[in-house]
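In what follows, a structure is listed as structure tokens, so that the remarks can point back to it.
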Amino acid sequence: MPRIVRGGQVTDGQQRLFIGGSWVEPDHGFYEVIDPATEGVVGLAPEASRDQVHAAAAAAREAFEAWSRTPAEERAAVLDRAADIIQRHFVPYAELAQAESGATTGTARGMQVGVGVARFRRYAKVEPVEQPLPPQINEAGPFGRAAVMGALAVRQPVGVVTCITSYNNPWANPAGKIAPALAMGNTVVVKPAPQDPFSVYRMAEALEAAGAPPGVVNVVTGSRPEVGEAAVDCADVDMVSFTGSTAVGQRIAEACGRGMKRQLMELGGKGAAVVFDDADLESAVSGIGTTFSFYSGQICTAPTRVLVQRGVHDRLVTQLAAYAGHLKVGDPREQGTVVGPVISSAHRDRIESYIELGRKEGARVVTGGERPTLERGFYVAPTLLADCTPDMRVVREEIFGPVVVVLPFEDEEEAVALANDSDYGLIDYVWSGDVARAFRVARRLRAGGVGVNTVGRNMEAPFGGFKKSGVGRDVGSYALHAYSEVQAIVWPG
């Protein structure tokens, strides 16, 4: 069993909890973290008790007063030094992320650890937290004579933030929560996904070495629901930032409602890709094809509902099937592999059950649909389902794997109606040679973001969903807003 830490906190592959600046033995022992590609054991992750989660929140509460009063420049310096430390361990950290998540080498290095470093760097930039407001005349009333009043809007930290992260990116997702939260003066309790928790512990080590005081960052893990529940319910927690399924998000929202806790949630997605008959089909196929290839389709921003104008429907289906058919599926460590494994055997079974459901519902399997013949690992072949209708479950429900469904449409009105006919609204896409039409359609889509002739993202643009895809916005300056409250200070002018 490999050692997973070089700092002395782990022996024989056993990780410890990180609470109040100390590495702590778990109350409930350990559970195995499995490599999705080899089915071997990566290491043993700690099973925290409810009391230990509460102890982590108490440590964060105790550290909050001093950390929130620490000058923003000093907090930023900690983040910058942590980025330096992560960068120095870039390759081994990427190898660890690959082992626990099943990502390909390029994804583990670029989109996981690389983006994690970039997010620490981004939030090491100090931004103004005070905004002077124009003076206004206060009307005479119960507060005395009319007077000119000055005002200042000040961003204050929320307090203790529980960060519950998803398994599909063990570096970028946690970094996107931890870095802006700390930059704004909050303290955090991080509960990583049970499938790939070790990368988050490495992040905590880097922050500790960079000078984050004890209690500012705490990490607790567990394979049982009670760990996450305790991290949400705890009275010391002021805010919950969650990335994951809509079903779990709904339960967290109920708990936050009882405690009047601030929420930031990025939930499920079933993105529509609207392709008009004047679109650059090569660009559209390449963009939609990333659904199959990037992290085996385990991304909530994927354009998994492809809506195609009838004039180009058959051509696009043929080209997309050809694209998917040429993707190399296999060991993510091998050169040339594009599609690695999904996160677990249970998730593979879930995806395969949806493919079978699609067949029963009348969808046509154009490509894929069968399990790849590999010796070990949790693999799903890129699968394209055509002849779909809006009422099918494979069209309406998030599958979260390398499966894309295709539906035809006649005109712009039908395209918009089909795209908006979803419980989700995270990211949609429009391809058209008529840019004016593309932007017109984009403004009519009920989604938190829309890509026009691209699947690329601007890392300063707000990110979040409509409907059951989430609550709130983060990324760029919007993340600083998400992890802060606005306080108004008013005085006589």
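The values are calculated or read from the model by the stated rules, or taken from the named source; none is laboratory data. None of these values were measured; they are calculated from a predicted model. Note: ideal-geometry Cβ built from the backbone for every residue, glycine included; neighbour counts use all protein chains shown. Keep in mind that these areas ignore ligands, DNA and RNA; they rest on the heavy atoms of the full protein, side chains included. Shrake-Rupley method; radii C 1.70, N 1.55, O 1.52, S 1.80 Å.
Odds and ends about this structure:
- Long pairs among K191/K270; K177/K270; K191/K360; K125/K328; K125/K191, criterion Cα-Cα beyond 31 Å: K191/K360; K125/K328
- Under 5 Å, built H, 5+ apart or other chain: amide partners of G21: G215
- Residue-averaged [θ]222 nm for the chain, counting only DSSP H segments that reach four residues, each worth -39500 (n - 2.57): -11500 deg cm²/dmol
- The loop-placed trypsin sites (Lys or Arg not before Pro) in segment 86-184, going by DSSP, that have at most 16 neighbouring Cβ atoms within 10 Å of their Cβ come out as K125, R145.
- The chain, dipole about Cα centre (Lys/Arg Cβ +1, Asp/Glu Cβ -1), debye to the nearest 20: 580 debye
- Percentage of interatomic Cα-Cα distances in segment 178-312 larger than 23 Å: 51 percent
- Think of each Lys and Arg Cβ as +1 and each Asp and Glu Cβ as -1; about the Cα centre, that makes the dipole of segment 259-327 roughly 480 debye.
- Accessible area of segment 402-483 belonging to carbon and sulfur atoms, whole % at 1.4 Å probe: 52 percent
- The chain, relative contact order in percent, only Cα pairs under 8 angstrom and at least six apart counted: 17 percent
- Between R359 and E226, residue separation times 0.36 nm minus the direct Cα-Cα distance comes to 44.2 nm.
- Per residue, the solvent-accessible area of the chain (1.4 Å probe, heavy atoms of protein chains only, all protein chains present) comes to 40 Å².
- A DSSP coil position with no more than 13 other Cβ atoms inside 10 Å describes the following GluC sites (Glu not before Pro) in segment 320-417: E334, E370, E375, E410.
- Farthest positive-ward along the chain dipole, Cα basis, beta-carbon charges - from V404, Q14, G464: G464
- Given +1 at the Cβ of Lys and Arg, -1 at the Cβ of Asp and Glu and no other charges, the dipole of segment 100-183 around its Cα centre is 240 debye to the nearest 20.
- Note on E254 and N420: the extension gain reaches 57.2 nm, defined as 0.36 nm multiplied by sequence separation minus the Cα-Cα distance.
- Area projected by the alpha carbon convex hull of segment 277-414, averaged over all directions, nm²: 8.2 nm²
- Three-way shape label, segment 308-388, alpha-carbon gyration tensor, a/c 1.5: oblate
- Rg/Rh ratio calculated on Cα atoms of segment 191-251 (Kirkwood radius): 0.98
- For F409, the residues whose modelled amide H falls within less than 5 Å of its own, excluding neighbours fewer than 5 places apart on the same chain, are V308, Q309, R310.
- Restricting segment 428-476 to trypsin sites (Lys or Arg not before Pro) that sit in a DSSP loop and have at most 14 other Cβ atoms within 10 Å of their own Cβ leaves R457.
- Only beta bridges with both residues in the chain are counted; by DSSP, about 50 percent of them are antiparallel.
- Distant-in-sequence amide H partners of G150 (H built 1.01 Å from N, under 5 Å): W491, G493
- Calculated from backbone phi, Karplus (6.51, -1.76, 1.60) coupling profile of segment 445-453 in Hz, x at Gly/Pro: 7, 8, 9, x, x, 9, x, 9, 6
- Its relative contact order, with pairs defined as Cα atoms under 8 Å and 6+ residues apart, puts segment 378-466 at 23 percent.
- Selected from M203, A146, T373, residue furthest toward positive end of dipole (the chain; charges at beta carbon): A146
- A full extension of the chain between A488 and T70 corresponds to an added length of 148.4 nm, given 0.36 nm per residue minus the alpha carbon distance.
- Anisotropy class of segment 9-64 from Cα gyration tensor, a/c 1.5 cut: prolate
- Inter-part distance where segment 446-493 and segment 41-114 are each reduced to a Cα centre, Å: 23 Å
- Rounded if a/c under 1.5, otherwise prolate or oblate - the chain, Cα gyration tensor axes: oblate
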